[in-house]
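Asker: Mind looking over this structure? Questions follow.
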Amino acid sequence: MSEGATRYDVKDGVAFVTFDRPQARNAMTWTMYDGLARACDSIASDANVRVAVMRGAGGEAFVAGTDIQQFTAFNGPEDGIAYERRIDAAILQIERLKKPTIAVVEGWVTGGGLIIAASCDFRIAAASARFGVPIARTLGNCLSVGNVARLIAHFGPARTKRMLLLAEMIGADEAYASGFVDELVPADALDEKVASLTDRLKVHAPLTMYAAKEAIRRVLEAGLPDGDDLIRTCYGAADFKEGVESFLAKRKPAWRGQ
């Protein structure tokens, strides 16, 4: 299957970052993560860019997490540590952009895709959007403490537990009611809503918006505890290997708690 691409375009002061692997619900490969890093560098360095929009190609998904095939090369807990740090670095790169960011979501928004959407400043969603991190019934790995904190900040502890322990998917209506989704519109109205929001943001004071974004980020990050022991527990377990193998084999995993 193709490794896909993260495409980058600029039009009228708006940067468009597109996760382009629709045949795999835009599941992220290392190639796509590298493309995302380059896109963020371009957004940061281009004075003509005032706003950035992130979107999945194909209309069926924003991003359906990381491609599971890439976990087959993991040999132990330190691979999990390295992976989660790589994801955290990608998310921080988005959050630290001085310019406003908008996630436009349709269909599946899962795992790392949910975290990417959460790292943006605004989220516009179609009614088809479904949000969640179903790893408790699929892979048997875990999120970093930083990413759990991001979900709690957006959804609250109760909904976050439903997503992480019960592996529930949150519908677009509930995500809108919780405040995670800023605008809920019909799929055929997404482009119009994106244009309206980018037009508003482009004329606001750039440094004022940056100061607000950065102040909020620092408040949420303050006092964040270390969680490497939790990552080692999950990624170093036989259950994680079983989760990856069963997912790729399309069978139900046999969890042993080991």
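Just so you know, all these numbers are worked out from the coordinates, no wet-lab data involved. Keep in mind the model is a prediction, meaning the values are calculated, not measured. Cβ coordinates were reconstructed from backbone atoms using ideal geometry, including for glycine residues, and neighbour counts include every protein chain displayed.
Asker: Would you check if there is a residue in the stretch 143-155 being assigned to a helix (DSSP H, G or I), among the hydroxyl-bearing types (Ser, Thr, Tyr) and either surrounded by 15 or more Cβ atoms within 10 Å (Cβ to Cβ) or on the phi > 0 side of the Ramachandran plot (or both)?
Answerer: So in the stretch 143-155, the residues assigned to a helix (DSSP H, G or I) come out as 145-155.
From what's left, among the hydroxyl-bearing types (Ser, Thr, Tyr): none.
No, the stretch 143-155 has no match at all.
Asker: Now, a different point. Considering only residues that are more than 17 Å from the chain's Cα centre (by Cα) and within 30 Å of residue 140 (Cβ to Cβ), look in the stretch 174-193 and name the one that is surrounded by the fewest Cβ atoms within 10 Å (Cβ to Cβ).
Answerer: Ranking the candidates gives 178 first.
Asker: Another question about this same structure. Out of everything in the stretch 219-258 that is over 30 Å from residue 96 (Cα atoms) and of a type in the set (Phe, Trp, Tyr), what residue ends up being farthest from the chain's Cα centre (by Cα)?
Answerer: Restricting to residues being over 30 Å from residue 96 (Cα atoms) and of a type in the set (Phe, Trp, Tyr), the top hit is 255.
Asker: Across the stretch 78-99, which residue is surrounded by the most Cβ atoms within 10 Å (Cβ to Cβ) among those that are closer than 23 Å to residue 249 by Cβ and more than 15 Å from the chain's Cα centre (by Cα)?
Answerer: 80
Asker: Of all residues being touching a Phe, Trp or Tyr at 6+ places or on another chain (Cβ under 9 Å) and within 10 Å of residue 97 (Cβ to Cβ) in the stretch 40-53, which is surrounded by the most Cβ atoms within 10 Å (Cβ to Cβ)? Just the residue, please.
Answerer: Checking each candidate, the answer is 52.
Asker: Then there is this: Give 102, 124 a once-over and let me know the one that is outside any loop (DSSP other than H, G, I, E, B), in contact (Cβ under 8 Å) with a residue 12 or more places away in the chain, closer than 26 Å to residue 8 by Cα and over 13 Å from the mean Cα position of the chain (by Cα).
Answerer: 124
Asker: Shifting gears a bit: Suppose we filter the stretch 175-205 for residues that are within 15 Å of residue 123 (Cα to Cα) and touching a residue at least 12 places away in the same chain (Cβ under 8 Å); how many remain?
Answerer: 18
Asker: Just name the residue that is farthest from residue 25 (Cα to Cα) out of those in the stretch 62-77 that are over 12 Å from the mean Cα position of the chain (by Cα) and surrounded by 14 or more Cβ atoms within 10 Å (Cβ to Cβ).
Answerer: 77
Asker: Being under 15 Å from residue 8 (Cβ atoms) and in a helix (DSSP H, G or I) is the filter here; which residues of the stretch 40-89 pass it?
Answerer: Residues satisfying the conditions are 40, 41, 42, 43, 44, 45.
Asker: From the list 115, 135, exactly one residue is closer than 30 Å to residue 188 by Cβ, assigned to a helix (DSSP H, G or I) and touching a residue at least 24 places away in the same chain (Cβ under 8 Å). Which is it? Let's see the steps before the verdict.
Answerer: On the way: 135 fails: closer than 30 Å to residue 188 by Cβ.
From the options 115, 135, the qualifying one is 115.
Asker: Go through the stretch 101-130 and report how many residues are among the basic types (Lys, Arg) and touching a Ser or Thr at 6+ places or on another chain (Cβ under 9 Å).
Answerer: Number satisfying all stated conditions: 1.
Asker: Looking only at residues that are over 28 Å from residue 68 (Cβ atoms) and assigned to a strand (DSSP E or B) in the stretch 1-39, which one is nearest to the chain's Cα centre (by Cα)? I'd like the intermediate steps shown before the answer.
Answerer: In the first step, residues of the stretch 1-39 are kept if they are over 28 Å from residue 68 (Cβ atoms); the result is 9-15.
Applying the additional criterion that residues be assigned to a strand (DSSP E or B) yields 9-11, 14-15.
Numbers: 9: 20, 10: 21, 11: 24, 14: 20, 15: 18 Å.
Among residues in the stretch 1-39 that are over 28 Å from residue 68 (Cβ atoms) and assigned to a strand (DSSP E or B), the one nearest to the chain's Cα centre (by Cα) is 15.
Asker: Which is among the aliphatic types (A, V, I, L, M) and closer than 30 Å to residue 74 by Cβ, of 175, 189, 205, 249?
Answerer: Only one candidate qualifies: 249.
Asker: Can I ask one more? Scan the stretch 132-161 residue by residue and report those that are within 17 Å of residue 108 (Cα to Cα) and basic (Lys, Arg).
Answerer: The answer is 137, and nothing else.
Asker: Tally the residues that are free of Cβ contacts under 8 Å to residues at least 24 places away in the same chain and either closer than 12 Å to residue 138 by Cβ or not in a helix (DSSP H, G or I) (or both), restricting the search to the stretch 216-244.
Answerer: Selection size over the stretch 216-244: 2.
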